[in-house]
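Chemist: First the structure, then my questions, so here it is.
The values are calculated or read from the model by the stated rules, or taken from the named source; none is laboratory data. Fair warning: this is a prediction, and the values are worked out from it, not measured in the lab. FYI the Cβ positions are ideal-geometry reconstructions off the backbone, even for glycines, and counts take in every protein chain you see.
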Amino acid sequence: MTTVDILYVGGPTAVIELGGVRLLTDPTFDAPGEYPIGSRSLVKTAGPALSATEIAPVDAVLLSHDQHPDNLDTAGRGYLAEVPLTLSTASAYDRVGAPVRALPSWEHVDLPRPTGGVLRVTAVPALHGPEGSEPLVGEVTGFVLSGEGLPTVYVSGDNASLDVVRTIAGRLGPVDVAVLFAGAARTPLVPDAPLTLTSGAAAEAARILGARHVVPLHFEHWAHFTQDGATLTKAFAEAGLADRLHLLEPGASVRL
């Protein structure tokens, strides 16, 4: 089976190369600082390990959502103009327009592979917080990547729901690699529940998906994360899944 290469840029941003197709998740290239969102601000504590110009061209962007600056910032928006295709939610298309293409849950796009065949990108549900939080946090999507002779890769986006993970596993699982947005993000917008997976939930998601490998994203570099790499390491060890966890340093890559 062909391998998948994942380069961790920082925050929710990574380059995933699969079957010769290069994809970028949630472009965030701005410097540290305060980023207003509505009546509050999100605080970025570290910049990306690589700038947008240092990343080789990609074939498409997988954008979980556009409405929060920790998933699409100013430099990230500019980057979209340089990319042939950006797949995201209908809401993102309404707000951003081209080059975003709306991809509803369970629908797919086939991207040509340079050596023949296609890489299928299927949009899957995501819930950015507890049940009922959608009117506050907005629409979010995840993705599943698949193709003949390729490992199946799940990219969660900002999903906090294990029920959603179970639904995805039931329809498209098992997966070989799970790219999980973690960090147990919390903001005053939804004060009583995390907006992304906790470390324990990330380990459970790996078990539900049958994932042989897990690469966490979006668990550091912003002040609203309440858990980090240390809690991920502990949670996966306690779940007996330590050998599945690949905790990358910014700028590092892994071949799976």
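Chemist: Residue check, Ala184 against (1) surrounded by fewer than 24 Cβ atoms within 10 Å (Cβ to Cβ); (2) in contact (Cβ under 8 Å) with a residue 60 or more places away in the chain; (3) of a type in the set (Gly, Ala, Ser), all met but one. Which one?
Modeler: (2)
Chemist: Here's a follow-up. Only one residue in Val155, Val137, Val177 is crowded, with 19+ Cβ neighbours inside 10 Å, modelled with pLDDT of 95 or more and closer than 16 Å to Leu197 by Cα. Which one?
Modeler: Val155
Chemist: Mind checking whether some residue in region 175-197 is on the phi < 0 side of the Ramachandran plot and in a helix (DSSP H, G or I)?
Modeler: No, there is no match, as no residue in region 175-197 is on the phi < 0 side of the Ramachandran plot and in a helix (DSSP H, G or I).
Chemist: Give the number of residues within region 91-131 that are outside any strand (DSSP E or B) and either among the basic types (Lys, Arg) or surrounded by 13 or more Cβ atoms within 10 Å (Cβ to Cβ) (or both).
Modeler: Residues meeting the conditions: 16.
One line per residue, one yes/no per condition, for (1) without any contact (Cβ under 8 Å) to a residue 12 or more places away in the chain; (2) farther than 21 Å from Ala182 by Cβ; (3) among the aromatic types (Phe, Trp, Tyr):
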site: Val43; (1), (2), (3): no, no, no
site: Ala46; (1), (2), (3): no, no, no
site: Ile55; (1), (2), (3): no, yes, no
site: Ala60; (1), (2), (3): no, yes, no
site: Leu63; (1), (2), (3): no, no, no
site: Gln67; (1), (2), (3): no, no, no
site: Gly76; (1), (2), (3): no, no, no
site: Leu85; (1), (2), (3): no, yes, no
site: Tyr93; (1), (2), (3): yes, yes, yes
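Chemist: Which residues, counting only those in region 198-221, are of a type outside the set (A, V, I, L, M) and either in a loop (DSSP other than H, G, I, E, B) or closer than 16 Å to Gly157 by Cα (or both)?
Modeler: Result: Thr198, Ser199, Gly210, Arg212, Pro216, His218, Phe219, Glu220, His221.
Chemist: Of (1) touching a Pro at 6+ places or on another chain (Cβ under 7 Å); (2) on the phi > 0 side of the Ramachandran plot, Gly157 satisfies all except one. Which?
Modeler: Checking Gly157 against (1) touching a Pro at 6+ places or on another chain (Cβ under 7 Å); (2) on the phi > 0 side of the Ramachandran plot, the one that fails is (1).
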